[in-house]
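Contents: one structure, followed by commentary.
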Amino acid sequence: MQINVAEELKSIGKTTDRHLEENLEPISFGGNKLVFTMPLSVDVRSSFDGEGFSVSGVLSSELLMHCTKCNKEFKQGFNIDFSERFIKASEEEADEAECYPFFGETLELDKMILDLLVLNAPVYGLCKPDCKGLCPVCGCDLNLMQCSCSRTVKNANFASLEELAQLLNNEEEV
């Protein structure tokens with residue numbers, strides 16, 4: 001995704017608003033995968049100050065996700081506000097200045113968008129706020145039915161103390 005900034009380069013201080021949309025392929029990172037169910041929408045405002053561009057706006061789209069409790073697929077929309085800087089420099093100089101580089105009359109937004117998605121897009125979520133999840137014993141979906149499994153969860157941190165208590169109780173009985 002890119003924007004032509006030829007007009008802004010000619011007039012310092014000129015601000016331009018744009019709306020861009022693009023269909024994105026799934027993005028994998030760190031064991032997570034972002035699967036888009038609609039085009040990525042970018043509302044962007046850019047202005048040139050003589051040395052570089054201030055770029056701000058909002059990324060929005062919808063992701064296909066899996067509930068962290070019951071593993072059902074669901075769709076979740078998101079909006080990511082951003083404010084970034086592009087400077088006319090080599091990639092090394094831009095990295096040192098914590099900016100994005102631009103060359104010629106075009107701002108390449110792909111790296112900025114990828115960075116924003118990886119850092120801000122939701123990767124975990126619930127299908128609904130009151131999701132009951134799956135039974136840890138039999139695996140049935142507790143949102144759809146109840147099971148007869150005993151779900152008392154023992155805390156592994158206190159397992160040794162529980163054993164000691166049982167030993168003491170057994171000695172008292174003898």
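The values are calculated or read from the model by the stated rules, or taken from the named source; none is laboratory data. Keep in mind that what you see is a predicted model, and the values were worked out from it rather than measured. Heads up, the Cβs are rebuilt from the backbone with ideal geometry, glycines too, and the neighbour counts pull from every protein chain shown.
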Scan region 29-43 and tell me whether some residue there is modelled with pLDDT of 85 or more, of a type in the set (Gly, Ala, Ser) and closer than 30 Å to Leu144 by Cβ.
no
Among residues of region 22-42, those that are surrounded by fewer than 14 Cβ atoms within 10 Å (Cβ to Cβ), of a type in the set (S, T, N, Q) and either assigned to a strand (DSSP E or B) or touching a Pro at 6+ places or on another chain (Cβ under 8 Å) (or both), counted:
3
Lys10, sole failed condition from (1) surrounded by fewer than 16 Cβ atoms within 10 Å (Cβ to Cβ); (2) modelled with pLDDT of 95 or more:
(2)
Failed condition for Ile87, given (1) over 27 Å from Asn32 (Cβ atoms); (2) without any contact (Cβ under 8 Å) to a residue 12 or more places away in the chain; (3) out of contact with any Lys or Arg (no Cβ under 8 Å at 6 or more places or on another chain), with all others met?
(2)
Restricting attention to region 86-94, does a residue exist that is among the hydroxyl-bearing types (Ser, Thr, Tyr) and at pLDDT below 90?
yes
When region 43-79 is checked residue by residue, the ones that are aliphatic (A, V, I, L, M), crowded, with 17+ Cβ neighbours inside 10 Å and either under 14 Å from the mean Cα position of the chain (by Cα) or in a loop (DSSP other than H, G, I, E, B) (or both) are Leu59, Leu63, Met65
Residue list for region 104-146, filter: surrounded by fewer than 13 Cβ atoms within 10 Å (Cβ to Cβ), farther than 21 Å from Phe82 by Cβ and either among the aliphatic types (A, V, I, L, M) or more than 26 Å from the chain's Cα centre (by Cα) (or both)
Gly104, Pro136, Val137, Cys138, Gly139, Leu144, Met145, Gln146
